[in-house]
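Throughout, read-outs are computed from the coordinates displayed, never taken from laboratory work. Please read these numbers as outputs of a predicted model, since none were measured by experiment. Backbone-built Cβ (ideal geometry, glycine too); neighbour counts: all protein chains shown.
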Amino acid sequence: MSLKNVTRMYLSEDEIPRHWYNMRADMRQKPDPMLHPGTGRPVSAEDLGAVFCKELVRQELDADTRLVDIPEELLDFYKSTRPTPLIRARFLEKELDTPAEIYYKFEGNNTSGSHKLNSAAAQVYYAKKEGLKNLTTETGAGQWGTALAMACAFFKIGLTVYMVKVSSQQKPYRKAVIETFGANLIQSPSETTEIGKRILAENPGTGGSLGCAVSEALEAAMKTPSCRYVLGSVMDHVLLHQSIIGQECKTALDKYGIEPNIIIGCAGGGSNFGGLIAPFIGEKIKEKTSTRFITVEPASCPSLTRGRFAYDFGDTGKTTPLIKMYTLGSSYIPPTEHSGGLRYHGMNPTISKLFNDGYIEGRNVKQTDVFRAALQFAKIEGILPAPESSHAIWAAIDEALECKKRNEKKVILFSLSGTGSFDLAAYMSYMEGTMADSIPTDADLEKGFATLPVVSI
């Protein structure tokens, strides 16, 4: 097909993937197993079943099944918002005067404003099938909490959301939307859990972190009848569900005979980036492509670029299994910056393994540079991006300008994972000149590394 006049590449409902793709099945070396913090042995399905839904546990522990069927009832739900468009950023290309072609996969065309609904719907579907009545979760910027509230309303399951306190204060209307869909929202850390009380006692006035919120949601799930905990990133079953993003991208690009040279995504826990790169990284592992993969994180919370590849707890309260990942230490609480969805101390174990093995490049960027790129994109392409997604925009612009400098025509693909409609306070702060950058010193990071557990395997 000719691309001469094509800007938006839509797929039909019949082209929505009918399977999720498990990239671990194609990896030459698998991610290290999660360990039980008490015994030091790999966790079992029984261990995880006390916290997660049974089918999600099965998916989490399955590193060998390449394609996992998407249930028909879930496909019907997906059709309300999927497939999402793949858009060529022609106006941005012209503004940058670059020979590069720039494409972005737009995941913000649902009420949650992000890609999070892909996994939220799947997790709630399985909870419903298991007969559960309640769920708990954490949320940073609020996209996950909103998406899960939407899915719980659809499948008629109760939900309690622990939202990182600083993000809740920055985005009060997120609370209104989450509660509109029937969920209960609690600012974290809170006085509603024993872990929350302890964190507040040790860190008075803290703005919280995703690690804190995870701890509270886990504790609440364990104490609530007919309840399990669900989460929107970090775990491999979440990456599995999000692979629908990359599969749709690949189907659309293949229709037009396009092969991306560079694929870019923001990463906090890794769900958006992992979902975007999934089918492409599979080809990279098989040495069928030379595509570069770039993940971008905040300079204030640089788990991949400045963290350590080590076993660590997934939460601040140290209640989860130990995960082999790039981490800043579970005790690390990042500065109260505006990219709430990226303020997590660690990174998904599969993404961490791929990064450690050299398949992925990592970058970090200051938030003022992120918002500069966000405004440039919004004014030219007409979509107000979420701060999290704008990390990918920053890198895409940087790569496009590098193409201009070298007079190279490359194809750049990035994920516009969410919209910034609830982030207007952050945009105002940037435009008023009151936004500041926070970059941890080596000494700051050492405090987090000092809390890493000693593991012998």
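Convex hull volume of the Cα atoms in the range 66-137, per residue, in Å³?
Convex hull of Cα atoms, per residue: 148 Å³.
Once you keep just the Cα pairs under 8 angstrom separated by 6 or more residues, what percentage relative contact order results for the range 323-380? Please report the intermediate quantities before stating the final value.
On the way: 31 pairs, mean separation 18.5, N = 58.
Here the relative contact order equals 32 percent.
Between the alpha-carbon centers of the range 182-241 and the range 101-159, tell me the distance in whole angstrom.
16
Can you return the aspartates and glutamates within cross-link range of LYS353? Criterion is Cα-Cα under 20 Å, with same-chain partners fewer than 8 residues away left out.
Result set, ordered by chain and number: ASP26, ASP32, GLU60, ASP62, ASP64, ASP236, GLU283, GLU287, GLU297, ASP312, ASP315, GLU361.
With contacts defined as alpha carbon pairs under 8 Å and 6 or more residues apart, what's the relative contact order of the range 1-145 in percent?
Details: 135 pairs, mean separation 37.8, N = 145.
Relative contact order, the range 1-145: 26 percent.
Taking a threshold of 29 Å on the Cα-Cα distance, which of the pairs LYS171/LYS404; LYS79/LYS288; LYS54/LYS250; LYS54/LYS79 fall above it? Each step should come with its number before you reach the end.
Details: LYS171/LYS404 38 Å; LYS79/LYS288 31 Å; LYS54/LYS250 31 Å; LYS54/LYS79 25 Å.
Pairs exceeding the cut-off: LYS171/LYS404; LYS79/LYS288; LYS54/LYS250.
Collect residues whose amide H, placed 1.01 Å from N in the peptide plane, falls under 5 Å from the amide H of HIS19; neighbours closer than 5 in sequence don't count.
Under 5 Å from the amide H of HIS19: ILE70.
When N counts the residues of the range 412-452, how does its alpha-carbon radius of gyration compare numerically with 2.2 N^0.38 Å, as a ratio?
On the way: Rg = 16.4 Å, N = 41, 2.2 N^0.38 = 9.0 Å.
Relative to the rule-of-thumb radius for its length, the range 412-452 sits at 1.82.
How many Å³ per residue does the convex hull of the Cα positions in the range 372-411 occupy?
Numbers: hull volume 2.8 nm³, N = 40.
Dividing the Cα hull volume of the range 372-411 by its residues yields 70 Å³.
To check my understanding: the extent here is largest minus smallest coordinate of the Cα atoms along each principal axis. What are those three numbers for the range 29-182, in Å, largest first?
Answer, in whole Å and largest first: 58, 43, 36 Å.
Relative to the longest principal axis of the chain, what angle (0 to 90°, nearest 10) does the C-alpha long axis of helix 236-255 take?
Between helix and principal axis, roughly 10 degrees.
Sort HIS36, HIS391 so that the residue with the fewest other Cβ atoms within 10 Å of its own Cβ comes first and the one with the most comes last.
Details: HIS36 15, HIS391 32.
With the sparsest Cβ surroundings first, the list reads HIS36, HIS391.
In 5 Å bins starting at 0, how do the alpha-carbon pair distances of the range 22-93 split up by percent?
Here the calculated profile for the range 22-93 is 3, 12, 14, 15, 16, 12, 11, 8, 5, 3, 1, 0.
Give me the three principal axis extents of the range 314-412 from the C-alpha atoms, as integers in angstrom, largest value leading.
49, 31, 18
Rounded to the nearest 5, what % of DSSP beta bridges with both residues in the chain are antiparallel?
Working: 19 of 52 bridges.
Given both bridge residues lie in the chain, the antiparallel proportion sits at roughly 35 percent.
For the range 275-320, what is the Kirkwood hydrodynamic radius in Å, using each pair of distinct C-alpha atoms?
Details: mean 1/r = 0.0742 Å⁻¹.
So the Kirkwood estimate lands at 13.5 Å.
With no solvent and one point on each alpha carbon, what is the Debye value of log10 I(q)/I(0) for the range 101-223 at q = 0.14 Å⁻¹?
Cα-only, vacuum Debye calculation for the range 101-223: -0.58.
What are the residues whose amide H is under 5 Å from the amide H of VAL43, where those residues sit 5 or more places off or on another chain and H is modelled from the backbone?
Those qualifying (amide H under 5 Å, at least 5 residues apart or on another chain) are MET34, LEU35, HIS36.
Relative to 2.2 N^0.38 Å, what does the C-alpha radius of gyration of the range 105-173 come to as a ratio? Two decimals please. Numbers along the way, then the final one.
On the way: Rg = 12.1 Å, N = 69, 2.2 N^0.38 = 11.0 Å.
For the range 105-173, the normalised Cα radius of gyration comes out at 1.10.
Run the simple label-point estimate for GLU361 and ALA176 please: 7 Å along Cα→C-beta, distance reported in nm.
About 4.2 nm separates the two model spin labels.
Over the alpha-carbon set of the range 225-289, divide Rg by the Kirkwood Rh and report the Rg/Rh ratio to two decimals.
Here Rg/Rh amounts to 1.09.
Quick one: helix 117-130 against the long Cα principal axis of the chain, what's the angle to the nearest 10°, folded into 0 to 90?
40
Can you give the helix-only mean residue ellipticity at 222 nm for the chain, where every DSSP H stretch with n ≥ 4 adds -39500 (n - 2.57) and the sum goes over all residues, rounded to the nearest 500 deg cm²/dmol?
Values: 18 runs with 190 residues, N = 457.
Estimated from H runs of four or more residues: -12500 deg cm²/dmol.
Can you work out the FRET efficiency for the pair LYS197 and THR451, with r the C-beta to C-beta distance and R0 = 22 Å, to the nearest 0.05?
Numbers: r = 20 Å, r/R0 = 0.89.
It comes to 0.65.
Checking a compactness column here: for the range 113-152, what do you get for Rg(Cα) / (2.2 N^0.38 Å), N being the number of residues?
Numbers: Rg = 9.8 Å, N = 40, 2.2 N^0.38 = 8.9 Å.
Dividing the Cα radius of gyration by 2.2 N^0.38 Å gives 1.10.
Roughly how many debye, to the nearest 20, is the charge dipole of the range 89-182 about its Cα centre, given +1 on each Lys and Arg Cβ, -1 on each Asp and Glu Cβ, and no other charges?
On the way: 12 positive and 8 negative charges, 103 e Å.
Roughly 500 debye, rounded to the nearest 20.
Given a Förster radius of 30 Å and the C-beta distance between LYS379 and GLU13 as r, what FRET efficiency does 1/(1 + (r/R0)^6) yield to the nearest 0.05? Write down the numbers at each step before the final one.
Values: r = 33 Å, r/R0 = 1.11.
It comes to 0.35.
Need the list of aspartates and glutamates near LYS379 for cross-linking: C-alpha distance under 15 angstrom, and skip anything on the same chain fewer than eight residues off.
Once the sequence-local aspartates and glutamates are set aside, what remains near LYS379 is GLU93, GLU95.
Where in the chain is the longest stretch that carries no GluC sites (Glu not before Pro) classed as loop by DSSP and with at most 14 other Cβ atoms within 10 Å? Intermediate values should be presented prior to the final figure.
Details: sites that count: GLU191, GLU287, GLU408, GLU432.
In short, 1-190.
Remind me, relative contact order of the chain in percent, using alpha carbon pairs under 8 angstrom and six or more residues apart?
Once divided by the residue count of the chain, the mean separation gives 20 percent.
Taking every pair of distinct Cα atoms and averaging 1/r, then inverting, what Kirkwood hydrodynamic radius in Å comes out for the chain? Please list the in-between numbers first.
Working: mean 1/r = 0.0460 Å⁻¹.
In the chain this quantity evaluates to 21.7 Å.
Through the Karplus equation 6.51 cos²θ - 1.76 cosθ + 1.60, θ set to phi - 60°, convert the phi angles of the range 428-436 into ³J(HN,Hα) values in whole Hz; use x for Gly and Pro.
Each residue's phi maps through the Karplus curve to give 5, 4, 5, 5, 7, x, 9, 6, 10 Hz.
Just to be sure I understand: if I project the alpha-carbon convex hull of the range 181-332 onto a plane and average over all orientations, what area do I get in nm²? Spell out each step's value before the answer.
Details: hull surface 46.9 nm².
Its average projected convex-hull area is 11.7 nm².
Scan around ILE258 for amide H atoms under 5 Å from its own, H built in the peptide plane at 1.01 Å from N, and keep only partners 5 or more places away or cross-chain.
For ILE258, no residues qualify.
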